[in-house]
Amino acid sequence: MLEARKNQFYLNDEPFQILSGGLHYFRVVPEYWRDRLQKLKALGLNTVETYIPWNFHEPKKGQFRFEGMADVERFIAEAEEIGLYVILRPSPYICAEWEMGGLPSWLLKQDDMALRCSHPAFLNHVEDYFNELLPRLKPFLQQNGGPVIAFQIENEYGAYGNDQNYLAFHKAQYEKHGIDTFYFTSDGPDFIKQGSMDNVVTTLNFGSRPEEAFAALEAMKPDSPKMVAEFWIGWFDHWSGEHHTRDAKEAAEVFQKLMDMGASVNFYMFHGGTNFGFYNGANHYEKYAPTITSYDYDSLLTEWGDITDKYLAMADVLKSVAGVSVGDVSKVEKKSYGEVQLTESASLFDVLQDVGTKVEYVTPLSMEKLDQNFGFTLYRTKIHETGTLELDTTPIRDRAFLYVNGKHEATVSVNDETKSVMIPFPDEVNTFEILVENLGRVNYGKHLSDQKGIVQNLWLNNQYWFDWEMVKIEGDRLPKTYTAGERYPKYLKGTFKVDQGYDTFVDLEGFTKGNVYINGFNLGRYWQTMGPQERLYLPGPLLNEGENEIVVLELEGHTASSVTLMNEPKLG
């Protein structure tokens, strides 16, 4: 069993240096888990670390999911077969640039909900989740013959709050379920005081200046083992921003310092993967900034699993402390399948019965009140007024298209400096529609309670308007028929055949913004006018031998009638 003694970790009473890599099973198709784990071991690492996202496993209250990409038990078992130890981070909150930091959005249905603290309702929900999750993990503990050597308690809590009773609750839950293993907390060096616990090892998260970081730990907890639970070797990207990279030589120099200090290290990320579907998170400091679909992170493996110069630079450092066999790793085969004509189309407004669920209420309801996790909500009401009227857009989150009598009149965003818009209503009775897109809930900081849709009634022409019809479009259903409607958003469909499924990249030149589905699987968002990502990664296992279907949900407008499947990414 892993233990912390003076300045040193011990595993089974032998000194042990944790050499680990972060790899999120929920960002990689299961068919590729073994390949990524083998590349991790070939680098000389002895451990794999992963978060466990609550919202991925309990998308609706009481409805649990542990199959396919959510099969965390299979992931742990594959790591064990390859000969790796495992560190689990099963906190209800994970950050990870993931939708709402892993917290399920249905928590926000309750008006007085307080997250990440000892609020009784929140703790009850966490306990229900742990009652399902923790018994699944217990057999994999090292003392039960498995590979799991450590559990994290919460995640970077010092950067959020100071509720020590809340941290103690996690530890008590683990103990209640017989999770008799090594516990740790992790925070940035500036936040360890509030995020740490007595009798629990404190680890650090940082990307540089290890001497300063460990000096802060030594000052607070003398003689602690040195561990970087997140050694940030890259960074994530936002729409409209630059693609972040970090020089391989510079990152390896910091890693060499860590090895010279005898520190334990977890690379964040060893392999980033992809924010498939609508699972990307967002940050909100001065402005709201949603994360892109790629979670490449400029990590040691690319988004599609190839080794990088940074991987080889770290291998050079690791040769002095571990058995490195990077010559054995395989390159991922990629293929250009060429142009795919999109021969059928349908307006979203013509297929609402296929893709959405209707709700009526006297006022507009937020997505959370509608029990909707992701996607789009269409709000519709009648305006008995003629003229150009001013709409206060403050309650609209995150981005919305406004229509009057079927005509697009305006697009508004949560980041607009002006929080009102003038809308023309030509008739005595007008149909007013607002299609709101959730661009991803905030995953870090003070805006975690990030509700989406229309979060309170709308103030139009100095009054509220009542009696609303809403259609929940969660993005998990596609049209049954294609009717060639002209109104955007549009679904565009095409088919293509392959002899064998290789990785490829969907090039969306000529499109504006939307999502791509392959054989019903949501690859994620594209936003060509923003960048930095211009092609979506399509893993080969998602392709069928023979015929395949691709559907593009284009929100705004397109000039192309086809997409192209290419053998190279375009990121930055």
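The values are calculated or read from the model by the stated rules, or taken from the named source; none is laboratory data. Quick caveat, the model's predicted, so the values are computed rather than measured. Note that each Cβ is placed from the backbone with ideal geometry, even for glycine, and that neighbours are counted across all protein chains shown. Remember, those area values only see protein heavy atoms, side chains included, never the ligands or the DNA or RNA. Shrake-Rupley method; radii C 1.70, N 1.55, O 1.52, S 1.80 Å.
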Can you tell me which of (1) open to solvent by less than 40 Å² (accessible area, probe 1.4 Å); (2) not in a loop (DSSP other than H, G, I, E, B) is the one GLY485 doesn't meet? (2)
Residues (in contact with a strand residue (DSSP E or B) (Cβ under 7 Å, 6 or more places away or on another chain), free of Cβ contacts under 8 Å to residues at least 40 places away in the same chain and assigned to a loop (DSSP other than H, G, I, E, B)) located in the stretch 156-168: none
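For every residue, the table says whether it meets (1) over 17 Å from LEU23 (Cβ atoms); (2) assigned to a loop (DSSP other than H, G, I, E, B); (3) among the aromatic types (Phe, Trp, Tyr); (4) open to solvent by less than 10 Å² (accessible area, probe 1.4 Å).
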site: ASN283; (1), (2), (3), (4): yes, no, no, yes
site: GLU286; (1), (2), (3), (4): yes, yes, no, no
site: ASP296; (1), (2), (3), (4): no, yes, no, no
site: SER299; (1), (2), (3), (4): no, yes, no, yes
site: TRP304; (1), (2), (3), (4): no, yes, yes, no
site: MET314; (1), (2), (3), (4): no, no, no, yes
site: GLY327; (1), (2), (3), (4): yes, no, no, no
Is it true that some residue in the stretch 454-463 is under 27 Å from the mean Cα position of the chain (by Cα), in contact (Cβ under 8 Å) with a residue 40 or more places away in the chain and buried (at least 16 other Cβ atoms within 10 Å of the Cβ)? yes
What are the pairs with Cβ atoms under 9 angstrom where one residue, in the stretch 386-397, is over 14 Å from PRO426 (Cα atoms) and the other, located anywhere, is loosely packed, with under 14 Cβ neighbours inside 10 Å and among the charged types (D, E, K, R)? Sequence gap at least six, or different chains. ASP392/LYS419; THR393/LYS419; THR394/LYS419
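Within the group ALA248, ALA219, which residue is touching a residue at least 12 places away in the same chain (Cβ under 8 Å) and either among the hydrophobic types (A, V, I, L, M, F, W, C) or in contact with a Lys or Arg (Cβ under 8 Å, 6 or more places away or on another chain) (or both)? Give the steps one after another, and end with the answer.
Values: ALA219 fails: touching a residue at least 12 places away in the same chain (Cβ under 8 Å).
It is ALA248.
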Any residue at all in the stretch 259-279 that is more than 24 Å from LEU11 (Cβ to Cβ), modelled with pLDDT of 95 or more, open to solvent by 30 Å² or more (accessible area, probe 1.4 Å) and not hydroxyl-bearing (Ser, Thr, Tyr)? no
Determine if the stretch 371-388 includes at least one residue that is open to solvent by less than 30 Å² (accessible area, probe 1.4 Å), assigned to a loop (DSSP other than H, G, I, E, B), among the charged types (D, E, K, R) and within 30 Å of VAL552 (Cα to Cα). no
Exactly one of ALA263, ALA215, ALA248, ALA252 is in contact with a strand residue (DSSP E or B) (Cβ under 8 Å, 6 or more places away or on another chain) and over 30 Å from THR512 (Cα atoms), and that residue is ALA263
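For the stretch 423-438, which positions are in a loop (DSSP other than H, G, I, E, B) and over 18 Å from GLY475 (Cβ atoms)?
Applying the first criterion (in a loop (DSSP other than H, G, I, E, B)) to the stretch 423-438 yields 426-429, 438.
PRO426, ASP427, GLU428, VAL429, listed by residue number.
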Among the residues listed as GLU3, GLU78, the single one being surrounded by fewer than 22 Cβ atoms within 10 Å (Cβ to Cβ), modelled with pLDDT of 95 or more and over 21 Å from MET227 (Cα atoms): GLU78
Determine which member of the set LYS493, LYS472 is basic (Lys, Arg), under 23 Å from GLU360 (Cα atoms) and either surrounded by 16 or more Cβ atoms within 10 Å (Cβ to Cβ) or out of contact with any strand residue (DSSP E or B) (no Cβ under 6 Å at 6 or more places or on another chain) (or both). LYS472
Would you please name the residue that is most open to solvent (accessible area, probe 1.4 Å), looking only at residues in the stretch 193-220 that are under 13 Å from GLU154 (Cβ atoms) and in a helix (DSSP H, G or I)? GLN194
Selection status of SER240, more than 21 Å from LYS41 (Cβ to Cβ) and hydroxyl-bearing (Ser, Thr, Tyr): yes
Are any residues in the stretch 174-192 open to solvent by 10 Å² or more (accessible area, probe 1.4 Å) and farther than 17 Å from LYS221 by Cβ, and if so, which ones? GLU175, LYS176, HIS177, GLY178, ASP180, THR181
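Here is a yes/no grid of residues against (1) among the small types (Gly, Ala, Ser); (2) assigned to a loop (DSSP other than H, G, I, E, B); (3) open to solvent by 20 Å² or more (accessible area, probe 1.4 Å); (4) touching a Lys or Arg at 6+ places or on another chain (Cβ under 9 Å):
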{"position": "LYS497", "(1), (2), (3), (4)": "no, no, yes, no"}
{"position": "LEU523", "(1), (2), (3), (4)": "no, no, no, no"}
{"position": "LEU553", "(1), (2), (3), (4)": "no, no, no, yes"}
{"position": "VAL563", "(1), (2), (3), (4)": "no, no, no, no"}
Assess whether LEU107 counts as being at pLDDT 95 or above, within 19 Å of GLN451 (Cα to Cα) and in contact with a His (Cβ under 7 Å, 6 or more places away or on another chain). yes
Consider the stretch 221-238. How many of its residues are in contact with a Leu (Cβ under 8 Å, 6 or more places away or on another chain) and surrounded by fewer than 22 Cβ atoms within 10 Å (Cβ to Cβ)? 2
Being open to solvent by less than 10 Å² (accessible area, probe 1.4 Å) and in a helix (DSSP H, G or I) is the requirement here; does LEU134 meet it? yes
Top-ranked residue of the stretch 395-408 - restricted to ones that are open to solvent by 60 Å² or more (accessible area, probe 1.4 Å) and touching a strand residue (DSSP E or B) at 6+ places or on another chain (Cβ under 8 Å), ranked as nearest to GLU437 (Cα to Cα): ARG397
Are any of the residues in the stretch 93-116 open to solvent by 10 Å² or more (accessible area, probe 1.4 Å), acidic (Asp, Glu), within 20 Å of the chain's Cα centre (by Cα) and under 27 Å from TRP235 (Cβ atoms)? yes
Checking LYS171 against (1) over 30 Å from LYS221 (Cα atoms); (2) part of a helix (DSSP H, G or I), which single condition isn't satisfied? (1)
Yes/no for ASP503 being within 30 Å of SER330 (Cα to Cα), crowded, with 20+ Cβ neighbours inside 10 Å and within 31 Å of the chain's Cα centre (by Cα): yes
